[in-house]
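Have a look at this one.
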Amino acid sequence: MSLSSKSAVIGRRLVQAVPVLVLSTFIVFALLKLVPGDVAVTLAGDNASDARIAEIRHLYGLDQPFLVQYGAWLWKALHGDLSHSLLSSEAVVASIARCLPHTLLVVVLAMALALLIGIPLGIAAASRQDSWLDGLVMTIASLGVAVPNFWLGMLLVALFALDLNWLPATGAVSLSQSVGGALSHAILPACALAAGGIAEVARQLRSSLVEILHSQQVRTLHAKGLSPSAILWRHGLKNVSVNLLTVISLLFNRLLAATVVVEAVFAIPGMGGLIVNAAIHRDFPVVQGVVFVMVLIVVAINLVTDILYNLLDPRIA
Amino acid sequence: MAEVAIMADRRPGRLSGFARWFRSDPRGAVSLTFLVALVAVSTLAPWVAPQSPTAQDFNAMMAPMSAEHWLGADDLGRDVLSRLIHGGMASLYASFLAVAVAVVIGVPVGLLAGYLGGWVDAVISRIIDSFLSFPAIVLAIAVTGALGIGLTNGMISVGIVFAPQLARLVRARTLVVRHELYVDSARCFGASTSRILWRHVLPNTIQPVIVQVTLLLAGALLAEASLSFLGLGIQPPNASWGAMLARAYQNMEIAPEQMYPPGLAILLTALAFNGLGESLRVALDPTMKRR
């Protein structure tokens, strides 16, 4: 592929991401519209004075047309101003900057575990289709999809933290403080989170590998006398590596969602704790800020995998 | 596969077809039996449960399994088995509510996008893409926060979050179906758009929807457990499996065994929904039946 067509692909993808970005930020902003009754009164909380209600109405520009409100909000958000918490009056961007690293550490670790364990499992199952090994992997995958990962987290805490005392039960240490401490705090939550990911990766990899191993192309290779292992490693995996990118971007979205609940089990001061606490207390700037940042992350990851996908697979571009 | 094809050819009565499926697919059969039993027990909870789910017996706080409390009692002396049965009712109600909301929103939107095509489809598809870029639970938490905390609001939120998945599925099926001969001929006979959609397109998109709905029920069950665990779903003293886990979490250091009954209940039920969904996918696959 020539350089110019590569940049054309990237440019096209960037342009295609714009409507999704605009719509999803609009959804984030429109969350406020779901609040029943007068938003300003609800946001001001119980027993708020009329002055406070008026102040909030002005602060949010609630006296202006909805689209104008959205435009103003997006403009400020894109310049790194997500307003202030109604509870602590801390800047929302500051809260997120404090919480996001803890969440990302757990998610990235879980992603690594999911790939490191899921890929070998998927390959093993596909290469010995319908064997006991295949059955075992598929059983693990079914369990991994169905298990509530916060419950798995509780089981891990009970076993490794309370019974065996190997790892800390709760809390988090930032990477900048101590790498060992950060990892020892993040490993249990990451394991709890990874279960679904391992299942997903193993399942997807197995099914796309099986499909390729049954294709005409592979039958021809068999007829030509190529050994099954050569077919698997040289032709099978080469073809499914592209599918794996899609799985990774989907998985990142799932992990980002699931971590919100797992963080509660391990008392990690991450994005999950931030948004749950804000939702309970109707601290809307914080809720919107967290959802906004998470959507940005997902859209960015989708964009990157999409571009890689196009560059790796010449059939698509 | 061959068996299914032969079965379809002979067109036996629905009941005997069902009986044959039941015997040929143990995973599906076990899942279905489990779910039917669960729905029965949960619906009859007030009569089946040995005790009231909220009655406190201060002499039985944290009691282990016994003849009186089969699964023990929780930190307030409430019978765990009774809470599990009543909690099952709440958890199942929540799952069905969320999926019903998803169907009511997702199916018509998907039908319209797929059938009308053009700019309508382009706009709806972009909206679907946007919704799908939200981490599901995070959006559900935000919507629940806006609507107000509670089980019903929480599950409506989950339904809203699930709807785009169904819409995308129905849209894709509708795109295939709308150019079929029987749709063209209905149009030639002057059938209205709503009649074509209702009588001809919808029935032919329904099979993948049934499969997806079964799988979504498992997702909704896990979402209910998550929301209630976080305190955004069912409110005390009412029980749901997620709320029971939240309670067990509080007392994990004193009574770790409290987390097993609700956790296992969620795991088994989610397994059953997924198992049934996978079986239906095979049994309902139109390519296997028609050819």
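Please treat every number below as a calculation from the coordinates, not as lab data. A quick note: this is a predicted structure, and the numbers were derived from the prediction, not measured. Glycine gets a Cβ as well: all are built from the backbone with ideal geometry, and neighbour counts include every protein chain shown.
Given charges of +1 on the Cβ of Lys and Arg and -1 on the Cβ of Asp and Glu, with all other atoms neutral, how large is the dipole of region B:49-290 about its Cα centre, in debye to the nearest 20?
1240
Now for a separate question. Can you give the log10 of the normalised intensity I(q)/I(0) at q = 0.10, 0.13, 0.19 Å⁻¹, computed with Debye over equal Cα scatterers of region A:182-317?
Once normalised to I(0) and log-transformed, intensities are -0.50, -0.73, -1.11.
Counting Lys and Arg as +1 and Asp and Glu as -1, each charge on the Cβ, what is the dipole of the protein assembly as shown about the Cα centre in debye, to the nearest 20?
For the protein assembly as shown, the charge dipole is close to 2600 debye.
Under the definition of partner shielding as Cβ atoms of other protein chains within 10 Å of a residue Cβ, what is the mean value for peptide B:225-233?
Per-residue shielding by partner chains comes out at 5.
Related question: Gaussian network model of chain B, Cα springs within a sub-10 Å range: biggest mean-square fluctuation belongs to which of B:ALA265, B:ALA40, B:ALA19?
Taking springs between Cα atoms under 10 Å, the residue moving most is B:ALA19.
At q = 0.10, 0.11, 0.13 Å⁻¹, what base-10 log of I(q)/I(0) does the Debye formula yield for the protein assembly as shown when every alpha carbon is treated as an equal point scatterer in vacuo?
-1.02, -1.24, -1.64
Continuing with this model, one more query. Can you tell me the equivalent ellipsoid semi-axes for chain A? Use √(5λ) from the Cα gyration tensor, largest first, whole Å.
Equivalent ellipsoid of chain A: 43, 27, 15 Å, largest first.
To continue, here is another question. Mind sorting A:ASP81, A:ASP163 by how few other Cβ atoms lie within 10 Å of their own Cβ, fewest first?
A:ASP163, A:ASP81
Using a 10 Å cut-off around each Cβ, can you sort A:CYS99, B:CYS188 from fewest to most neighbouring Cβ atoms?
Lowest to highest Cβ neighbour count: B:CYS188, A:CYS99.
Of A:GLY236, A:GLY71, A:GLY37, which has the largest mean-square fluctuation in a 10 Å C-alpha GNM of chain A?
Sorting by GNM fluctuation, first place goes to A:GLY37.
Continuing with this model, one more query. Taking 8 Å as the Cα distance limit and 6 or more residues as the minimum spacing, I'd like the relative contact order of region A:145-211 as a percentage.
Relative contact order comes out at 38 percent.
For Cα pairs less than 8 Å apart in space and 6+ apart in sequence, what is the mean separation divided by the residue count of region B:49-290, i.e. the relative contact order in percent?
RCO, region B:49-290: 22 percent.
Exposure proxy check: B:VAL213, B:VAL99 ranked by fewest other beta carbons within 10 Å?
Lowest count first: B:VAL213, B:VAL99.
Next question. Between A:THR305, A:THR139, A:THR25, find the one with the highest GNM mean-square fluctuation for chain A; connect C-alpha pairs within less than 10 Å.
A:THR139
Compare the Cα positions of B:LEU245, B:GLY275, B:GLN258 along the charge dipole of region B:163-291 (+1 at Cβ of Lys, Arg; -1 at Cβ of Asp, Glu; about the Cα centre) and return the one farthest towards the positive end.
It is B:GLY275.
Give me a single rounded figure for B:86-99: the average over its residues of other chain Cβ atoms within 10 Å of their Cβ.
Counting other chains' Cβ atoms within 10 Å and averaging over B:86-99 gives 0.
Over the whole of A:284-291, what's the average partner chain Cβ count within 10 Å per residue? Rounded to a whole number, please.
Averaged over the peptide's residues, the number is 3.
Would you work out which of A:THR259, A:GLY45, B:VAL123 lies farthest towards the positive end of the dipole of the protein assembly as shown, given +1 charges on the beta-carbon of Lys and Arg and -1 on that of Asp and Glu, about the Cα centre?
The one lying farthest along the dipole's positive direction is B:VAL123.
Next question, about the same structure. For region B:78-191, report the convex hull volume of the alpha-carbon atoms normalised per residue, in Å³, without decimals.
137
Give the longest segment of chain B that steers clear of GluC sites (Glu not before Pro) in DSSP loops with at most 15 neighbouring Cβ atoms within 10 Å, not counting the sites themselves.
B:69-179
Tell me the relative contact order for region B:172-291 as a rounded percent, counting alpha carbon contacts under 8 Å between residues six or more apart.
Reported as a whole number, the value is 26 percent.
While we're looking at this one, here's another question. Which residue, chosen from A:ILE123, A:LEU113, A:VAL201, occupies the Cα position most advanced towards the positive end of the dipole of region A:92-283, where the dipole is computed from +1 (Lys, Arg) and -1 (Asp, Glu) charges on Cβ about the Cα centre?
After comparing all options, I get A:ILE123.
Additional query: Just from the alpha-carbon atoms, what are the Rg and Dmax of chain B in angstroms?
My reading of the Cα-based Rg and Dmax gives 22.4, 76 Å.
With n ≥ 4 as the cut-off for DSSP H runs, can you work out [θ] at 222 nm for the protein assembly as shown, using -39500 (n - 2.57) per run divided by the number of residues, rounded to the nearest 500?
-24000 deg cm²/dmol
Let me ask you something else. So if the hydrodynamic radius of region B:228-291 is defined as the Kirkwood radius over C-alpha pairs, what does Stokes-Einstein give as its diffusion coefficient at 25 °C and 0.890 mPa s, in µm² per second?
In µm²/s, the coefficient is 175.
Further question: Provide the gained length on full extension for the span A:LYS33 to A:LEU226, in nm with one decimal, where the gain is 0.36 nm per separating residue minus the Cα-Cα distance.
63.2 nm
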